[in-house]
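Following: one structure in C-alpha cells, then a few remarks.
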Amino acid sequence: MAQQRITLEGPAITGRGRSLNPFAIVEDAAGFIAFAEQVLGAVEVTEARTSTPAGRLIHAELRVGDSVLLLADPQEGWGTHPGLFQVWVADVDAVLARAVERGADLVTPATQFYGSVTLARILDPWGTLWWLYQPSPGQPDPLPVWEGGSDTVFRTLDEHFRAHR
C-alpha cells in the first residue's frame, strides 16, 4: 500500500509559502519587519498586512528567500513567541555586520562547521535567535571538540540558552 502524502508541496499549496511556514508573535512586529528587510533582504507581502482597529498587526508576512515568515504583534492578554530560525545566506559576515549595526547581539561568531558550512548566530532585539548558514565549498570539517577542536558552536549556544532561561 502506498504511503499517503501528509504535507502539501508545490502547486498543491494554494496560498503563499511552503509546506512549513513559521509564525512569530513579537512586540513591534513592524520594527521586526524592517529589521528583516534591512538585514536579510526580506520582502514584506504588503497585501497580507492586517492591523486591528488599535493599529497592532494581527497578521503580516515576510518572504525570506523562498520561505514565508508570518508575524503578529501580541494582542490583549497574549505573550510574545519569538522563534528560532535557520537561514541560508550568501555572505554570513555581511549579514552579521548589518544585524549587529541594527541592535542584534552576536551569539556565535562565524565559525567553521560540518559539511563545508560556516555557521553564525545572532539574537535580534525581539528575542529571535537566528542560525545563519553559509555554504563554504571545500572547507574541511572541523575537528570535533573531543579530538581537540573548537567548542565555539556548542559553547556559545549553551551559554546563550543558560543566560536567557
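The values are calculated or read from the model by the stated rules, or taken from the named source; none is laboratory data. Owing to the predicted nature of the structure, the values given are computational and were not obtained by experimental measurement. We place every Cβ from the backbone using ideal geometry, glycine too, and count neighbours over all the protein chains shown.
Points worth noting:
- Residue count for the range 45-83 under the criterion of being charged (D, E, K, R) and under 15 Å from the mean Cα position of the chain (by Cα): the result is 3.
- Count of the range 104-145 residues, restricted to those that are surrounded by fewer than 16 Cβ atoms within 10 Å (Cβ to Cβ) and free of Cβ contacts under 8 Å to residues at least 40 places away in the same chain, is 14.
- Total residues in the range 1-36, condition over 30 Å from residue 123 (Cα atoms) and outside any loop (DSSP other than H, G, I, E, B): 3
- Filtered by the rule that a residue be surrounded by 15 or more Cβ atoms within 10 Å (Cβ to Cβ) and more than 11 Å from residue 33 (Cα to Cα), the range 60-72 gives 67, 68.
- Residue in the range 150-158 that is at positive phi, exposed (fewer than 14 other Cβ atoms within 10 Å of the Cβ) and touching a Ser or Thr at 6+ places or on another chain (Cβ under 9 Å) present: no
- Verdict on residue 101 being among the acidic types (Asp, Glu), out of contact with any strand residue (DSSP E or B) (no Cβ under 7 Å at 6 or more places or on another chain) and without any contact (Cβ under 8 Å) to a residue 60 or more places away in the chain: yes
- Here residue 104 meets each of (1) in contact with a Phe, Trp or Tyr (Cβ under 7 Å, 6 or more places away or on another chain); (2) modelled with pLDDT of 95 or more; (3) over 30 Å from residue 53 (Cβ atoms) with one exception, condition (1).
- Checking each residue in the range 25-44 for being aliphatic (A, V, I, L, M) and surrounded by 15 or more Cβ atoms within 10 Å (Cβ to Cβ) picks out 25, 26, 29, 30, 33, 36, 39, 40, 42.
- Inspection of the range 2-18 identifies no residue that is among the hydroxyl-bearing types (Ser, Thr, Tyr) and closer than 25 Å to residue 90 by Cα.
- Of the residues making up the range 37-76, those that are assigned to a strand (DSSP E or B), touching a residue at least 24 places away in the same chain (Cβ under 8 Å) and touching a helix residue (DSSP H, G or I) at 6+ places or on another chain (Cβ under 8 Å) are 57, 60, 61, 62, 64, 69, 71, 72.
- For residue 35: the one exception among (1) under 24 Å from residue 161 (Cα atoms); (2) assigned by TED's automatic domain parsing to the domain that holds residue 137; (3) of a type outside the set (Ser, Thr, Tyr): (2)
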